[in-house]
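Structure, as structure tokens:
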Amino acid sequence: MSPTPTPLQPLIAVLGCGWLGLPLAQALVEEGYAVAGSTTTPSRLLKMRDAGITPYLLELGPTLTATDQDTLHTMLTGARVLVLNVPPSAAKGHYVELLQPVYQAAIDCGVRHVLFVSSTGVYADEPRTMTETDALATPDADSELLRAESLFTTPDAPFATTVVRLAGLIGPRRAPGRFLAGRTGLPKPQAPVNLIHLTDCLGILGRIIRQRAWGHTFNASAAHHPTRQEFYTAAAAHLELAPPTFAEEETLGKCIDSELLRQETGYMFQFDDLNEAMKHC
């Protein structure tokens, strides 16, 4: 039976307890929150239960089975906060359709706040600094992800949503030195790197929930933006792997600005220096 929520201990539902969602749910439990979580992996259920998370086996889809529909509603019933952490890759090109049943279930179950874990992939890869107002539907931006954000931030929604656009994820089992090691002829050697460590992802998402910082859209990226050639060469060397090689070109790329997040929440990054962050992956 799920813990009964109180005003000081709202039930938080983490939809998607994977690489990011599971440690987030664990951290929230450790802070004293009652937490429910979903997974598509049966073997993860016991680990979640042992961590104090009320676990649910749930497979999302544009049309849910009767079992998954019941599971989703059971999980969200009594929840005050929904952390939506379902990567677009799970949707196979139909992300909005995948999330539509979640949107309706959140309404039906009386969810009050949604924390939408998004990506800086919503920005075009243009050689300039990107702030939260620069997300536009362009051929080289993830317009499907932008549409999904819009679904949950519509003024008609009976809940308040904060969107957090995370930069590239690094941390345990995601060492950046492995991303490009040994590859050749890579483009954009001088383009800036936009990454964020798992530690800061957890810190930021937890801070938003604790501060009840709802109704915002935030970028989340380390302030350090070395070039691709500089960083990935050093990251491969750190793991004693073959370095990548890059094409000789001067094409640049986007640089993610997360100053709004820092100003609004007061969050201080643990790994603003990516050279230090790579040592903790």
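The values are calculated or read from the model by the stated rules, or taken from the named source; none is laboratory data. Just so you know, these numbers come straight off a predicted model, no measurement behind them. Glycine gets a Cβ as well: all are built from the backbone with ideal geometry, and neighbour counts include every protein chain shown. These area figures cover heavy atoms from the full protein model, side chains too; ligands, DNA and RNA do not enter into them. Shrake-Rupley method; radii C 1.70, N 1.55, O 1.52, S 1.80 Å.
Observations, loosely collected:
- Identity of the residue in the range 154-190, touching a strand residue (DSSP E or B) at 6+ places or on another chain (Cβ under 6 Å) and of a type in the set (Ser, Thr, Tyr), that ends up farthest from MET130 (Cα to Cα): THR161
- Summed over the range 269-281, the residues that are over 18 Å from the mean Cα position of the chain (by Cα) and surrounded by fewer than 17 Cβ atoms within 10 Å (Cβ to Cβ) give a count of 5.
- The one condition from (1) open to solvent by 40 Å² or more (accessible area, probe 1.4 Å); (2) under 25 Å from GLN104 (Cβ atoms); (3) assigned to a helix (DSSP H, G or I); (4) touching a helix residue (DSSP H, G or I) at 6+ places or on another chain (Cβ under 9 Å) that LEU24 does not meet is (1).
- Residues (on the phi < 0 side of the Ramachandran plot, open to solvent by 50 Å² or more (accessible area, probe 1.4 Å) and touching a strand residue (DSSP E or B) at 6+ places or on another chain (Cβ under 8 Å)) located in the range 191-224: THR199, HIS216
- Apart from one condition, ALA237 fits all of (1) open to solvent by 50 Å² or more (accessible area, probe 1.4 Å); (2) in a loop (DSSP other than H, G, I, E, B); (3) not acidic (Asp, Glu); the exception is (2).
- Residue in the range 155-178 that is charged (D, E, K, R), under 17 Å from the mean Cα position of the chain (by Cα), at pLDDT 95 or above and in a strand (DSSP E or B) present: yes
- Where a residue in the range 232-252 is more than 12 Å from LEU186 (Cα to Cα) and its partner, wherever it lies, is open to solvent by less than 60 Å² (accessible area, probe 1.4 Å) and in a loop (DSSP other than H, G, I, E, B), with Cβ under 6 Å and at least six apart: ALA236/ALA181; LEU241/ALA181; ALA242/ALA181; ALA242/GLY182; LEU252/ALA191
- Set side by side, the residues THR41, THR74, THR65 differ, and just one is more than 21 Å from GLN104 (Cβ to Cβ) and out of contact with any Asp or Glu (no Cβ under 6 Å at 6 or more places or on another chain), which is THR41.
- Among the residues making up the range 133-150, those that are modelled with pLDDT of 90 or more and farther than 27 Å from PRO101 by Cα are THR133, ASP134.
- Note on the range 97-119: among residues that are open to solvent by less than 10 Å² (accessible area, probe 1.4 Å) and touching a residue at least 60 places away in the same chain (Cβ under 8 Å), the one that is farthest from the chain's Cα centre (by Cα) is VAL111.
- Scan of the range 151-171 for residues that are in contact with a Leu (Cβ under 9 Å, 6 or more places away or on another chain), open to solvent by 10 Å² or more (accessible area, probe 1.4 Å) and farther than 18 Å from ARG207 by Cβ, ordered by number: LEU151, ALA157, PHE159, GLY168
- Of all residues in the range 43-91 being in a helix (DSSP H, G or I), open to solvent by 50 Å² or more (accessible area, probe 1.4 Å) and hydroxyl-bearing (Ser, Thr, Tyr), the one that is nearest to GLY121 (Cα to Cα): SER89
- Test: residue in the range 97-104 that is of a type in the set (Ser, Thr, Tyr), part of a strand (DSSP E or B) and in contact with a Phe, Trp or Tyr (Cβ under 8 Å, 6 or more places away or on another chain): no
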